[in-house]
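Let me begin by presenting the structure, written as structure tokens, before commenting on it.
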Amino acid sequence: MTVTAYGAHAGDQPLGPLAITRRAPGAHDVAIDIAFCGVCHSDLHQVRGEWAGTVYPCVPGHEIVGRVSAVGAHVRNYAVGDLVGVGCMVDSCRACPDCEAGLENYCDGMVGTYNSPTPDAPGHTLGGYSERIVVNERYVLRVRHDAAQLAAVAPLLCAGITTWSPLRHWQAGPGKRVGIVGIGGLGHMGIKLARALGAHVVAFTTSASKRQDAEALGAHEVVVSRDADAMAAQARRLDLIVNTVAAPHDLDAYLSLLKRDGTMVLVGAPSSPHPSPQVFNLIMKRRALAGSMIGGIPETQEMLDFCAEHGIVADIEMIRADQINEAYERMLAGQVKYRFVIDSATLRA
């Protein structure tokens, strides 16, 4: 089936309308009419060729929500009309230790929702800035939020799971002090989720103007990172820091805020490396510097269910498909609270 999408034929070209082909559903496939797709910083890096290996045409988008329009003959868990989501992956090897552990996101054969090899035309996956997608049922998520919230659910499929996974893995909860660095698409979800998990949440921002916003999101404390005294007051107080900033910066300033055995987890992916941290900042307090990438299918479903139960969605600004290039520039300038979401109906306008 031919559908309309938004993408680019080269990294130095703006995104525009494209006609792409989606396969007919196989026995274990779910076809989804996409209602909304979130706009992630990763989309920009990939489509503009800022990350190595972009293949064109590139259709970004991995925060996908919509309704099931068709199912394969052997699909039992989904039916036409169901509200569902698709995140950052659409396949994996299904046999390695990572896949068997429900951590398909770490499988060496993980197939990304866009820019990964596939037998489907044109030979690589095409993402959610499109009218429709067909995905194996194993990589489809059930959405239990009310349909009226569907657009604000979309960013949970990347921004939500990207912050949920480290919060759960490092056991954020009552009695833990958790720092969230950056109050953007990822950070605003990190604040909401850490608060809902019962942790004491300290938000870090470079901008004093974001203090009230961070408190409204659920932060117990807000620290302006340019204020040396405010940073010093947090020294050796935090059990966990989830660092969402997608630009190179001084990691030592935050490592010194960790308690003994504390961990800072990097989830923001800058286009060039961070300055190397000082080793003594790590060894003197047995601190750890770690990374985390999205989450497996089981924990993504866990996150969606938790958010539905606690009434958590992303703070979004809806855009038309033809506003995506402007949205990218605004995203780079930090001019969105906190996630753009494309109304897929505008692809057909």
Most fluctuating of Glu137, Glu329, Glu302 in the GNM of the chain (C-alpha, under 10 Å) is Glu329
Sequence-distant aspartates and glutamates (8 or more away, or on other chains) whose Cα lies within less than 15 Å of Lys176:
Glu221, Asp239, Asp261
Using a 1.4 Å probe and ignoring any ligands, DNA or RNA, find the accessible area of Lys259 and quote it in Å² to the nearest 10.
70 Å²
Charge dipole of segment 25-121 built from unit charges on the beta carbon (Lys, Arg +1; Asp, Glu -1), centred at mean Cα; most positive-end Cα among Asn115, Val55, Gly38 is Gly38
Whole-percent tail of the Cα-Cα distance distribution for segment 215-349, cut at 21 Å, equals 59 percent
In angstroms, what radius of gyration and Dmax does segment 26-166 have, counting Cα atoms only?
14.4, 41
Kirkwood-Stokes translational diffusion coefficient of segment 1-97, alpha-carbon pairs, 4 °C, 1.567 mPa s, µm²/s
86 µm²/s
Farthest toward positive dipole pole in the chain [+1 Lys/Arg, -1 Asp/Glu at C-beta], among His188, Thr346, Phe280
Phe280
One point scatterer per Cα, no solvent, Debye formula: log10 I(q)/I(0) for segment 285-341 at q = 0.13, 0.24, 0.31 Å⁻¹ comes out as -0.59, -0.93, -1.11
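What number comes out for the charge environment of Lys259, summing +1 per Lys or Arg and -1 per Asp or Glu over other residues with Cβ under 9 Å away?
+4
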In what order, largest first, do His28, His145 sit by accessible area if the probe radius is 1.4 Å?
His28, His145
I'd like the antiparallel share, as a percent to the nearest 5, of DSSP beta bridges with both residues in the chain.
55 percent
With a 1.4 Å probe and every protein chain left in place, tell me how much accessible area Leu186 has, in Å² to the nearest 10.
30 Å²
7 Å from Cα along Cα→Cβ at both Phe280 and Asp252: what's the point-to-point distance in nm?
0.9 nm
Please compute the contact order of the chain in relative form: average sequence separation of alpha-carbon pairs under 8 Å and at least six residues apart, divided by the residue count, as a percent.
18 percent
Whole-percent carbon and sulfur contribution to the accessible surface of segment 215-349 (1.4 Å, no ligands, DNA or RNA) stands at 51 percent
Largest-first ordering by accessible area, 1.4 Å probe, given options Phe306, Phe340:
Phe306, Phe340
At 0.36 nm per residue, minus the direct Cα-Cα distance, what do Thr206 and Arg76 gain on full extension? Give it in nm, one decimal, please.
41.9 nm
Probe of 1.4 angstrom, ligands and nucleic acids ignored: what's the accessible area per residue over the chain, in square angstrom?
41 Å²
About its Cα centre, segment 189-260 carries a charge dipole, from +1 on Lys and Arg Cβ atoms and -1 on Asp and Glu Cβ atoms, whose size in debye to the nearest 20 is 200 debye
Once Lys and Arg are counted +1 and Asp and Glu -1 for all other residues with Cβ under 12 Å from that of Ser42, the total becomes -2
Which of Asn243, Asn281, Asn115 moves the most in a Gaussian network model of the chain with Cα springs under 10 Å?
Asn281
Rank these residues by their accessible area, most exposed first, probe 1.4 Å: Trp164, Trp51.
Trp51, Trp164
What is the sum of charges, Lys and Arg at +1 and Asp and Glu at -1, for the other residues whose Cβ falls under 11 Å from the Cβ of Gln335?
-1
Just read off the accessible area of Val30 with the full protein assembly in place, 1.4 Å probe, to the nearest 10 Å².
0 Å²
Once the dipole of the chain is set up with Lys and Arg at +1 and Asp and Glu at -1 on Cβ about the Cα centre, which of His249, Pro270, Gln301 lies farthest towards its positive end?
His249
Where the only charges are on Cβ atoms (+1 Lys, Arg; -1 Asp, Glu), what is the dipole of the chain about its Cα centre, to the nearest 20 debye?
740 debye
Charge dipole magnitude, Cβ of K and R +1, D and E -1 - segment 141-219, Cα centre, debye nearest 20:
200 debye
Only helices at least 15 Å long along their axis, Cα-based, and averaging -1.0 or more on Kyte-Doolittle count here, so list those DSSP H runs from the chain.
159-169, 185-196, 297-310
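The values are calculated or read from the model by the stated rules, or taken from the named source; none is laboratory data. Note that the structure is predicted; figures quoted are calculated from it, not measured. With ideal geometry, Cβ positions are generated from the backbone for all residues, glycine too; neighbour counts draw on all protein chains shown. The area values use the complete protein model at the heavy-atom level, side chains included, leaving out ligands, DNA and RNA. Shrake-Rupley method; radii C 1.70, N 1.55, O 1.52, S 1.80 Å.
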